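Asks: The structure that follows is given in the form of structure tokens.
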Amino acid sequence: MIKHDILVIGGGLAGLRAALEAHLRGADVAVISKVHPIRSHSVAAQGGINAALGQDDSWEAHTLDTVKGSDYLADQDAVEVMCRDAPGRVLEMEHWGTLFSRTPDGHIAQRPFGGAGFPRTCYAGDRTGHNLLHTLYEQVLRAGIRIYREWLVTRLVVDEGRCTGFIAMHTPDSKLEAFGAKATVLATGGYGRIYQRSTNAIINRGYGISLAYHAGVPLQDMEFVQFHPTTLMGSNILMTEGARGEGGYLYNRLHERFMSTYAHDMMELAPRDIVARSIQIEIDEGRGFEGGYVHLDITHLGEKKIEERLGGIRQISIDFAGIDPVKEPIPVQPGQHYSMGGVPCDVNGATPLEGLYAAGECACVSVHGANRLGGNSLLDTIVFGKRAGEHAAGFVKGITMSAVDAYLESLVREKQAISDLMGEGGGNFAVVRDELRSVMQQDVGVFRHRDGLQRAVDMIKELRERGRNVRVKSNATSFNFELLNAIELKGMLELGQVIAEGALAREESRGAHYRTDFLERDDEHWLKHTLAYQTPEGPRLEYKDVTITQFQPKRREY
Ligand SMILES: Cc1cc2nc3c(=O)[nH]c(=O)nc-3n(C[C@H](O)[C@H](O)[C@H](O)COP(=O)(O)OP(=O)(O)OC[C@H]3O[C@@H](n4cnc5c(N)ncnc54)[C@H](O)[C@@H]3O)c2cc1C
């Protein structure tokens with residue numbers, strides 16, 4: 001058995017920042033990740049990170065934009081914390097070595113992003129996540145923090161109502177091991193890959209979120225799924241919002257800049273939910289191009305600016321669509337992008353389960369509410385990663401490690417669960433997974449309706465039954481991807497069910513959750529967070545109040 005005071009599950013920005021902070025506060029901390037940390041999805045973030053650094057800008061203005069963008073579902077006290085902490089966290093990353101793009105006079109450059117009243121998004125070309133993640137990884141290496149890589153955490157250990165560690169599989173040899181901790185930080189990222197069209201890496205399956213769900217923690221606001229307006233037609237690789245921030249236009253097949261119909265003032269820089277719906281309407285009403293896409297045109301920006309600020313997406317367009325955006329518009333369509341919901345926690349990362357903290361995309365603090373503004377997620381990872389690490393370090397001071405028996409019992413149960421998965425006959429994980437992705441895309445997508453949502457719920461229940469019958473035929477002990485996929489499938493099905501049932505129950509349109517049978521936001525009945533509890537029959541939904549401090553809900557207009 002392996003023991004540390006604090007174990008951080010996840011080597012993305014949130015996990016590394018939490019680990020670094022816990023270490024700086026004197027805790028014995030280690031990171032565990034199913035891939036090498038710099039292959040975490042944070043590395044792919046393109047457009048930038050928000051902080052009110054400008055002289056005319058303020059954390060209060062950032063708070064208002066975020067709350068409005070969230071369609072008033074974000075907890076305003078949490079948003080205040082994030083926006084206040086933002087400049088400090090971003091400058092700290094700069095001092096640790098992140099090479100942000102600069103203005104001619106040497107300040108950190110900031111570009112406009114959707115839903116923001118001020119150019120507030122700091123960026124490193126269009127490779128911001130890459131630069132941030134490498135900086136943090138260097139700091140973690142410098143601190144000598146132990147990293148267990150290529151370990152898949154499969155189950156949390158709960159002993160007398162407290163999370164005391166987990167069971168994980170070492171993927172190079174398929175061995176199971178118990179890890180003991182006084183505090184565990186969940187920083188496992190999003191679940192994008194339960195959708196057919198997603199900007200997320202294939203490792204983003206949300207299994208970390210389902211670990212908490214299994215341990216008895218309810219999941220919060222899972223029906224709020226962000227669809228990015230501009231993903232590359234076909235592969236759905238992200239075309240950063242920075243492209244519109246730098247002045248890119250959206251055109252339909254008739255060469256109309258159609259955003260004037262939907263967001264007259266902010267045009268292409270309206271928040272993501274609005275732009276994604278606008279594009280989808282153009283496509284659905286026949287004004288898109290054949291195959292279901294519109295054009296994102298940046299040709300007028302010129303080669304120099306495109307190379308300097310959007311070089312990454314230029315190369316992606318050339319490599320994956322054979323289109324050079326210097327010369328031609330990019331074909332784009334909406335795709336799943338971000339998980340607003342997740343494991344509920346307070347501003348210090350504490351979840352309802354003692355000893356378990358959460359940070360980053362797997363967590364729901366909630367600062368993004370019903371719709372996240374671009375540039376706020378990278379910020380969320382480092383602000384709340386730091387806070388989770390800090391508070392976990394304080395928590396472990398008064399705690400003793402659990403007795404070995406609890407771990408051994410979990411280890412035995414996990415060994416049995418995995419051996420039950422092996423064998424001939426039964427179904428194949430890929431068939432069930434692909435059907436799940438397809439129903440999520442079709443019926444729990446940009447536009448939702450009772451009939452489609454009911455169909456999705458019924459279908460997912462059936463898929464869960466079939467999922468129980470999935471068997472792994474490969475006996476490979478080294479990197480048995482069939483086994484890893486089969487293990488994670490269970491979590492994907494559960495999250496799909498929570499999302500679909502939450503969306504079916506929420507009879508209103510708010511942020512990214514848009515019901516064609518309930519077109520308006522309904523604050524009287526639905527200004528509340530959803531909590532989904534695991535039961536053998538499926539999720540049980542409960543609701544809790546949203547924290548409103550300064551800003552009373554108003555109609556969103558852009
Ligand atoms: C293409 C793209 C571009 C983006 N661009 C921006 C942007 O410009 N600005 C912005 O603010 N946001 C952006 N986002 C969102 C942002 O990048 C992510 O929300 C954020 O990076 C998530 O960081 P994280 O640390 O929470 O998770 P991740 O970086 O996804 O890391 C998750 C970690 O958990 C580990 N893990 C998961 N499950 C397990 C398990 N069971 N056992 C062990 N380890 C596990 C993984 O190995 C990984 O190390 C973008 C997202 C995408 C998809």
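The values are calculated or read from the model by the stated rules, or taken from the named source; none is laboratory data. Worth saying up front: this structure is predicted, and the values here are computed from it rather than measured. As a convention, Cβ positions derive from the backbone with ideal geometry for all residues, glycine included, and neighbour counts pool all protein chains shown. Heads up: the accessible areas ignore ligands, DNA and RNA and are worked out on the full protein's heavy atoms, side chains in. Shrake-Rupley method; radii C 1.70, N 1.55, O 1.52, S 1.80 Å.
Asks: Please state which of the following conditions Gln76 fails to meet, knowing it meets all the rest: (1) more than 13 Å from the ligand (Cβ to nearest atom); (2) open to solvent by 10 Å² or more (accessible area, probe 1.4 Å).
Replies: If we test Gln76 against (1) more than 13 Å from the ligand (Cβ to nearest atom); (2) open to solvent by 10 Å² or more (accessible area, probe 1.4 Å), just (2) comes out false.
Asks: When you go through Leu7, Leu16 one by one, which is the residue that is open to solvent by less than 10 Å² (accessible area, probe 1.4 Å), part of a strand (DSSP E or B) and on the phi < 0 side of the Ramachandran plot?
Replies: Details: Leu16 fails: part of a strand (DSSP E or B).
Result: Leu7 is the single residue among Leu7, Leu16 that is open to solvent by less than 10 Å² (accessible area, probe 1.4 Å), part of a strand (DSSP E or B) and on the phi < 0 side of the Ramachandran plot.
Asks: Please go through the stretch 489-508 and give me each residue that is of a type outside the set (A, V, I, L, M, F, W, C) and open to solvent by 10 Å² or more (accessible area, probe 1.4 Å), ordered by number. If you could, list the steps in order and put the result at the bottom.
Replies: Applying the first criterion (of a type outside the set (A, V, I, L, M, F, W, C)) to the stretch 489-508 yields 490-491, 494, 496-497, 501-502, 506-508.
Selection gives Lys490, Glu501, Glu507.
Asks: Also, I was wondering about something else. List the residue pairs whose Cβ atoms are under 8 Å apart, where the first residue sits in the stretch 424-444 and is under 19 Å from Asn204 (Cβ atoms) and touching a residue at least 60 places away in the same chain (Cβ under 8 Å), the second is among the aromatic types (Phe, Trp, Tyr) and not in a helix (DSSP H, G or I), and the two are 6 or more positions apart or on different chains.
Replies: Final answer for the pair search is Arg437/Tyr195; Met440/Tyr195; Gln441/Tyr195.
Asks: Would you check if Thr164 is in contact with a helix residue (DSSP H, G or I) (Cβ under 8 Å, 6 or more places away or on another chain), under 24 Å from Ala512 (Cα atoms) and β-branched (Val, Ile, Thr)?
Replies: Here the answer is no, as Thr164 does not meet what is asked.
Asks: Before we move on, is Asp297 over 30 Å from Glu80 (Cβ atoms), touching a residue at least 12 places away in the same chain (Cβ under 8 Å) and away from the ligand (no atom under 16 Å from the Cβ)? First the steps, then the outcome.
Replies: Values: over 30 Å from Glu80 (Cβ atoms): yes; touching a residue at least 12 places away in the same chain (Cβ under 8 Å): yes; away from the ligand (no atom under 16 Å from the Cβ): yes.
Yes.
Asks: Further, regarding this structure: From the residues in the stretch 398-417 that are open to solvent by less than 20 Å² (accessible area, probe 1.4 Å) and under 31 Å from the mean Cα position of the chain (by Cα), which one is nearest to Asp5 (Cα to Cα)?
Replies: Tyr407
Asks: Let me ask you something else. Only one of (1) under 25 Å from the mean Cα position of the chain (by Cα); (2) open to solvent by less than 20 Å² (accessible area, probe 1.4 Å); (3) over 24 Å from Thr128 (Cβ atoms) fails for Gly288. Which number is that?
Replies: Result: Gly288 fails condition (1) only.
Asks: Within the stretch 101-122, take every residue that is open to solvent by less than 10 Å² (accessible area, probe 1.4 Å) and in a loop (DSSP other than H, G, I, E, B) and give me the one that is nearest to Ala22 (Cα to Cα). Break it down stepwise before answering.
Replies: Of the stretch 101-122, the ones open to solvent by less than 10 Å² (accessible area, probe 1.4 Å) are 109, 111, 113-115, 120-122.
Next, from what is left, pick out any that are in a loop (DSSP other than H, G, I, E, B): 109, 113-115, 120.
Values: Ala109: 31, Phe113: 32, Gly114: 34, Gly115: 34, Arg120: 29 Å.
Of everything passing the filter in the stretch 101-122, Arg120 is nearest to Ala22 (Cα to Cα).
Asks: Go through the residues of the stretch 206-218 one by one and say whether even a single one is within 9 Å of the ligand (Cβ to nearest atom), aliphatic (A, V, I, L, M) and over 18 Å from the mean Cα position of the chain (by Cα).
Replies: No: the stretch 206-218 contains no residue that is within 9 Å of the ligand (Cβ to nearest atom), aliphatic (A, V, I, L, M) and over 18 Å from the mean Cα position of the chain (by Cα).
Asks: Among the candidates Pro553, Pro539, which residue alone is modelled with pLDDT of 95 or more and out of contact with any strand residue (DSSP E or B) (no Cβ under 9 Å at 6 or more places or on another chain)?
Replies: Pro553
Asks: Got a sec? Which of Leu53, Leu64 is in contact (Cβ under 8 Å) with a residue 12 or more places away in the chain, open to solvent by 10 Å² or more (accessible area, probe 1.4 Å) and in contact with a Pro (Cβ under 6 Å, 6 or more places away or on another chain)?
Replies: Leu53
Asks: Shifting gears a bit: Looking at Ile145, Ile167, which is the one that is more than 11 Å from the ligand (Cβ to nearest atom), open to solvent by less than 40 Å² (accessible area, probe 1.4 Å) and within 29 Å of Val35 (Cβ to Cβ)? Spell out the reasoning first.
Replies: Working: Ile167 fails: more than 11 Å from the ligand (Cβ to nearest atom).
Just a single option satisfies the conditions, and that option is Ile145.
Every residue, every condition in (1) more than 10 Å from the ligand (Cβ to nearest atom); (2) touching a Lys or Arg at 6+ places or on another chain (Cβ under 7 Å), yes or no:
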position: Thr103; (1), (2): yes, no
position: Gly114; (1), (2): yes, yes
position: Tyr123; (1), (2): no, yes
position: Glu138; (1), (2): yes, no
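Asks: Output the qualifying pairs, or none if there are none: Cβ atoms under 8 angstrom, residues six or more apart or on different chains, first residue in the stretch 202-218 and assigned to a helix (DSSP H, G or I), second residue more than 9 Å from the ligand (Cβ to nearest atom) and of a type in the set (D, E, K, R).
Replies: Ser210/Lys490; Ser210/Glu494; Leu211/Arg155; Tyr213/Glu494; His214/Arg155
Asks: Please identify the pairs in which a residue from the stretch 224-243 that is at positive phi has its Cβ atom under 6 Å from the Cβ atom of a residue that is part of a loop (DSSP other than H, G, I, E, B) and more than 10 Å from the ligand (Cβ to nearest atom), counting only partners at least 6 apart or on another chain.
Replies: Sorted first by the residue in the stretch 224-243, then by its partner, the pairs are Asn236/Arg197.
Asks: Restrict the check to the stretch 50-63 and report whether at least one residue is among the charged types (D, E, K, R) and at pLDDT below 95. Show your work before the answer.
Replies: Going through the stretch 50-63, the residues among the charged types (D, E, K, R) turn out to be 56-57, 60.
From what is left, the residues that are at pLDDT below 95 are 56.
Yes: one or more hits.
Asks: Taking the stretch 524-558 only, how many residues are farther than 19 Å from Glu508 by Cα and without any contact (Cβ under 8 Å) to a residue 24 or more places away in the chain?
Replies: Within the stretch 524-558, the first condition is being farther than 19 Å from Glu508 by Cα, and the residues that meet it are 533-540, 547-551, 558.
Then keep just the ones that are without any contact (Cβ under 8 Å) to a residue 24 or more places away in the chain; that gives 535-537, 540.
The number of residues fulfilling the criteria is 4.
Asks: Hey, another quick one. Where in the stretch 439-558 are the helices (runs of 4 or more DSSP H), entirely inside, with at least 2 residues that are among the small types (Gly, Ala, Ser)? Break it down stepwise before answering.
Replies: On the way: elements: 450-468, 481-505, 523-526.
Filter on the stretch 439-558 gives 450-468, 481-505.
Asks: Right, next: Quick one: which residue in Ala30, Ala52, Ala61 is among the small types (Gly, Ala, Ser), assigned to a strand (DSSP E or B) and more than 9 Å from the ligand (Cβ to nearest atom)? Don't jump to the end; show me each part of the working.
Replies: On the way: Ala52 fails: assigned to a strand (DSSP E or B); Ala61 fails: assigned to a strand (DSSP E or B).
Answer to the selection: Ala30.
Asks: How about the stretch 177-197: which of its residues are open to solvent by 10 Å² or more (accessible area, probe 1.4 Å) and not in a loop (DSSP other than H, G, I, E, B)?
Replies: Passing the criteria: Glu177, Lys182, Arg193.
Asks: Condition check: crowded, with 19+ Cβ neighbours inside 10 Å and within 30 Å of Arg277 (Cα to Cα). Does Val367 satisfy that? Full working, then the answer.
Replies: Numbers: crowded, with 19+ Cβ neighbours inside 10 Å: yes; within 30 Å of Arg277 (Cα to Cα): yes.
Spelling it out, Val367 is indeed crowded, with 19+ Cβ neighbours inside 10 Å and within 30 Å of Arg277 (Cα to Cα).
Asks: Which ones in the stretch 418-433 are in a helix (DSSP H, G or I) and open to solvent by less than 70 Å² (accessible area, probe 1.4 Å)?
Replies: Selection gives Ile418, Ser419, Leu421, Phe429, Ala430, Val432, Arg433.
Asks: Quick one: count up the residues across the stretch 219-255 that are open to solvent by less than 10 Å² (accessible area, probe 1.4 Å), away from the ligand (no atom under 11 Å from the Cβ) and assigned to a loop (DSSP other than H, G, I, E, B).
Replies: Of the residues in that region, 6 qualify.
Asks: Run down Val43, Val90 and say which single residue is more than 11 Å from the ligand (Cβ to nearest atom) and under 20 Å from the mean Cα position of the chain (by Cα). Write out each step before concluding.
Replies: Numbers: Val43 fails: more than 11 Å from the ligand (Cβ to nearest atom).
The unique qualifying residue is Val90.
Asks: Hey, among the residues in the stretch 374-397 that are within 16 Å of the ligand (Cβ to nearest atom) and either in contact with a Leu (Cβ under 7 Å, 6 or more places away or on another chain) or open to solvent by 10 Å² or more (accessible area, probe 1.4 Å) (or both), which one's farthest from Gln110 (Cα to Cα)? Before the answer, list the steps.
Replies: Step one: list which residues in the stretch 374-397 are within 16 Å of the ligand (Cβ to nearest atom), which gives 374-389, 392.
Among the residues that remain, those that are also either in contact with a Leu (Cβ under 7 Å, 6 or more places away or on another chain) or open to solvent by 10 Å² or more (accessible area, probe 1.4 Å) (or both) are: 377-378, 381-382, 385-387, 389.
Numbers: Ser377: 16, Leu378: 15, Thr381: 19, Ile382: 18, Gly385: 23, Lys386: 23, Arg387: 25, Gly389: 28 Å.
Only one residue fits best here, namely Gly389.
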